[in-house]
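Input: a single structure, listed below in structure tokens.
The values are calculated or read from the model by the stated rules, or taken from the named source; none is laboratory data. Just so we're clear, the structure is a prediction, and the values are computed from it rather than from any experiment. Heads up, the Cβs are rebuilt from the backbone with ideal geometry, glycines too, and the neighbour counts pull from every protein chain shown. Ligands, DNA and RNA are excluded from the accessible area calculation, which covers all protein heavy atoms including side chains. Shrake-Rupley method; radii C 1.70, N 1.55, O 1.52, S 1.80 Å.
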Amino acid sequence: MGNVDTSIRIVLVDDENLVRAGLRMILESDPRIEVVGECANGREAMERVDALAPDLVLMDIRMPVMDGLEASQAILKTRPDQKILILTTFNTDEMVLTALKAGVSGFLLKDTPPAELMEAINQVAAGRTMLSESVTKQLIAVAGSRPEGSRRTAALEKLGVLTEREREIAVAIARGYANQEIAGKLFISLATVKTHIGRVLEKLDMENRVQVALCVFESESG
């Protein structure tokens, strides 16, 4: 299955056999990707991830025995660097917000075109995060409707440690822009964008871009 040095080892987690079969066919059309395991529920996912140490877990949310949200939280508690990409129908906002706080690497909808799914997998495997545009818009709407002033205050205080340019970068991340897009919009080099993102993560004491996005969403609530 391609060169071992460049392969992306994936565990598929979905309770529907046909969905897993379809995903496997799509993923393995790329010689750089190897599906090393399949699971029908979150408990199986925890066991397989522990045994196989995959590069990435493609995780559904709604499953029997243990859902994908609980499984993601458990996996990331013991394997904080594990990359998890949620692929879901996305109609329970609170579940998504909880998973973002746990540190998943991204969210995509199940109607995502195969080419976009493949790009997201490559992005996440490379250490970046991925939120589909529709997910980002829904998260912004959810955050904007939340009346919890204390959460908004805490988020604003966190963002207050950033410089004006770093805050611009954080907002751009929350809007779902890739590094190249941020560079173009702010008229700065790609290297400068990467430097700023590193500083933002360090100052906010966060692991990934998704957590930065969530903080921005909460700062805009109320």
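Does Val36 count as of a type outside the set (S, T, N, Q), open to solvent by less than 10 Å² (accessible area, probe 1.4 Å) and at pLDDT 85 or above?
Working: of a type outside the set (S, T, N, Q): yes; open to solvent by less than 10 Å² (accessible area, probe 1.4 Å): no; at pLDDT 85 or above: yes.
It is false that Val36 is of a type outside the set (S, T, N, Q), open to solvent by less than 10 Å² (accessible area, probe 1.4 Å) and at pLDDT 85 or above.
Restricting the first residue to region 103-127 and requiring it to be over 14 Å from Leu27 (Cα atoms), which pairs with a second residue that is open to solvent by less than 40 Å² (accessible area, probe 1.4 Å) and among the aromatic types (Phe, Trp, Tyr) meet a Cβ separation below 8 Å and a spacing of at least six or different chains?
Phe107/Phe90; Leu109/Phe90
List pairs: first in region 65-79 and acidic (Asp, Glu) and in a helix (DSSP H, G or I), second crowded, with 18+ Cβ neighbours inside 10 Å and at pLDDT 90 or above, Cβ under 9 Å, 6+ apart or cross-chain?
Glu70/Gly42
Filter region 1-33 down to the residues that are in a loop (DSSP other than H, G, I, E, B) and of a type in the set (D, E, K, R), then identify the one that is modelled with the lowest pLDDT. Spell out the reasoning first.
Quick first cut of region 1-33, residues in a loop (DSSP other than H, G, I, E, B) only: 1-7, 14-16, 28-32.
Then keep just the ones that are of a type in the set (D, E, K, R); that gives 5, 14-16, 28, 30, 32.
Working: Asp5: 53, Asp14: 96, Asp15: 94, Glu16: 94, Glu28: 91, Asp30: 91, Arg32: 91.
Here the residue is Asp5.
Go through region 171-220 residue by residue and tally those that are within 19 Å of Ala120 (Cβ to Cβ), of a type outside the set (S, T, N, Q) and part of a loop (DSSP other than H, G, I, E, B).
The initial filter retains those residues of region 171-220 that are within 19 Å of Ala120 (Cβ to Cβ), namely 172-182, 197, 207-214.
Still in the list and also of a type outside the set (S, T, N, Q): 172-178, 181-182, 197, 207, 209-210, 212-214.
Narrowing the set further to residues that are part of a loop (DSSP other than H, G, I, E, B) leaves 175-178, 207.
Selection size over region 171-220: 5.
Assuming Glu47 fulfils every condition listed in (1) under 19 Å from the mean Cα position of the chain (by Cα); (2) not in a strand (DSSP E or B) apart from one, which condition is it?
Of (1) under 19 Å from the mean Cα position of the chain (by Cα); (2) not in a strand (DSSP E or B), only one is false for Glu47: (1).
Considering only residues that are open to solvent by less than 40 Å² (accessible area, probe 1.4 Å), among the polar types (S, T, N, Q) and modelled with pLDDT of 85 or more, which ones fall in region 59-97?
Ser72, Gln82
Considering region 180-209 alone, what residues qualify as being buried (at least 18 other Cβ atoms within 10 Å of the Cβ) and of a type in the set (S, T, N, Q)?
Of everything in region 180-209, just one residue is buried (at least 18 other Cβ atoms within 10 Å of the Cβ) and of a type in the set (S, T, N, Q), namely Asn208.
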